[in-house]
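> Below: one structure in structure tokens.
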């Protein structure tokens with residue numbers, strides 16, 4: 001795949017040999033890639049990428065770039081984070097331009113901060129290149145604004161998975177702000193129950209967006225009480241984003257994106 005997108009010289013920064021760029025690839029649609037991330041793809045000697053990076057985006061890399069898969073998928077065998085960080089340091093020390101390419105934004109549940117810490121500790125120069133996170137871009141493609149003056153003045157981004165299960169979902173419920181949940185596919189039954197116990201009405205609207213911004217995107221609208229059962233019956237698979245709150249009610253006339261491969265529930 002070749003795309004000739006001229007980038008003004010004034011927009012570019014040097015990608016120095018022996019350095020690492022921690023870049024976000026966005027939620028899937030290659031059109032959501034930033035100019036700086038595209039510049040990194042065109043300059044990198046090696047691209048260490050996650051499983052969720054769209055193949056069309058990897059196709060924008062220069063032909064001689066080495067592609068290194070370092071996918072991390074919840075509940076599936078994947079590389080240890082310590083090994084990924086160590087590999088970035090090793091590649092940079094070989095004098096290579098290393099692009100660490102992550103789905104969404106590297107620092108929004110992307111472990112970019114951990115990798116930046118490892119690089120800093122090793123004395124490796126690095127740059128963080130933000131990307132559009134799925135919790136914002138994915139909602140937009142589903143026709144759900146993350147904020148709307150008629151519905152909310154705040155929004156909470158949270159992960160449905162944590163090593164110590166320390167999230168206080170009852171306290172989250174008390175905020176009454178819309179909740180945008182990453183990696184909640186497996187834990188949604190427990191989260192929904194805790195939110196209801198914390199005071200969220202069982203009929204609170206919920207939307208589940210799978211494969212956001214891609215030709216496979218599907219959207220399931222349900223309620224907090226029915227979300228777990230409806231998700232199980234839908235056949236949806238990760239990656240998914242879950243949004244809980246009144247902003248979901250705005251979707252009707254705003255559902256502008258009609259992916260050609262969407263199945264039922266979209």
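> Over 10 Å intervals from 0, what percent of Cα-Cα pairs in the chain sits in each interval?
So the P(r) values, bin by bin, are 7, 29, 32, 22, 10, 1.
> Please state, rounded to one decimal and in Å, the Kirkwood hydrodynamic radius that the range 1-52 gives when every pair of distinct Cα atoms enters the mean of 1/r.
After inverting the pairwise mean of 1/r, the radius is 12.2 Å.
> At residue 171 and residue 122, where each label point lies 7 Å from the Cα along Cα→Cβ, what is the point-to-point distance in nanometres?
Label-label distance for residue 171 and residue 122, simple model: 3.5 nm.
> So if we plug the beta-carbon distance of residue 255 and residue 42 into 1/(1 + (r/R0)^6) with R0 = 30 Å, what FRET efficiency do we get, rounded to 0.05?
About 0.30, to the nearest 0.05.
> At a 10 Å Cβ-Cβ cut-off, how would you order 144, 7, 57, 124, fewest neighbours first?
The order, fewest Cβ neighbours first, is 7, 124, 57, 144.
> Next up: Explain nothing, just the number: relative contact order of the chain, from Cα pairs under 8 Å at least 6 residues apart, as a whole percent.
19
> For 185, 256, 21, what's the fewest-to-most ordering of other Cβ within 10 Å of each Cβ?
Lowest count first: 256, 185, 21.
> Over the range 44-170, calculate the relative contact order: mean separation of alpha carbon pairs under 8 Å at least 6 apart, over the residue count, as a percent.
RCO, the range 44-170: 21 percent.
> Right, another one. Within the range 9-132, what percent of beta bridges assigned by DSSP are antiparallel, to the nearest 5?
5
> For the range 1-143, just say rounded, prolate or oblate: build the C-alpha gyration tensor, square-root its eigenvalues into a ≥ b ≥ c, call rounded for a/c under 1.5, and beyond that prolate if a/b exceeds b/c, oblate if not.
Here the range 1-143 falls in the oblate category.
> Just want to confirm a number: the relative contact order over the range 135-254, from Cα pairs under 8 angstrom separated by 6+ residues, in percent.
Contact order relative to length: 33 percent.
> Right, here's the next one. To check you understand DSSP bridge types, tell me what percent of the beta bridges within the chain (both residues inside) are antiparallel, rounded to 5.
About 45 percent, rounded to the nearest 5.
> By its C-alpha gyration tensor, with a ≥ b ≥ c as the square roots of the eigenvalues, how is the range 166-266 shaped: rounded for a/c under 1.5, else prolate for a/b larger than b/c, else oblate?
It is prolate, given that a/c is not under 1.5 and a/b is the larger ratio.
> Once the piece of chain linking residue 148 and residue 12 is laid out straight, how much longer is it, given 0.36 nm per residue of separation minus the C-alpha distance between them?
45.5 nm
Laboratory data are not the source of any read-out in this text; all were calculated from the coordinates shown. Please read all numbers here as calculations on a predicted model, not as lab measurements. Positions of Cβ are generated from backbone atoms using ideal geometry, with glycine treated the same way; all protein chains shown enter the neighbour counts.
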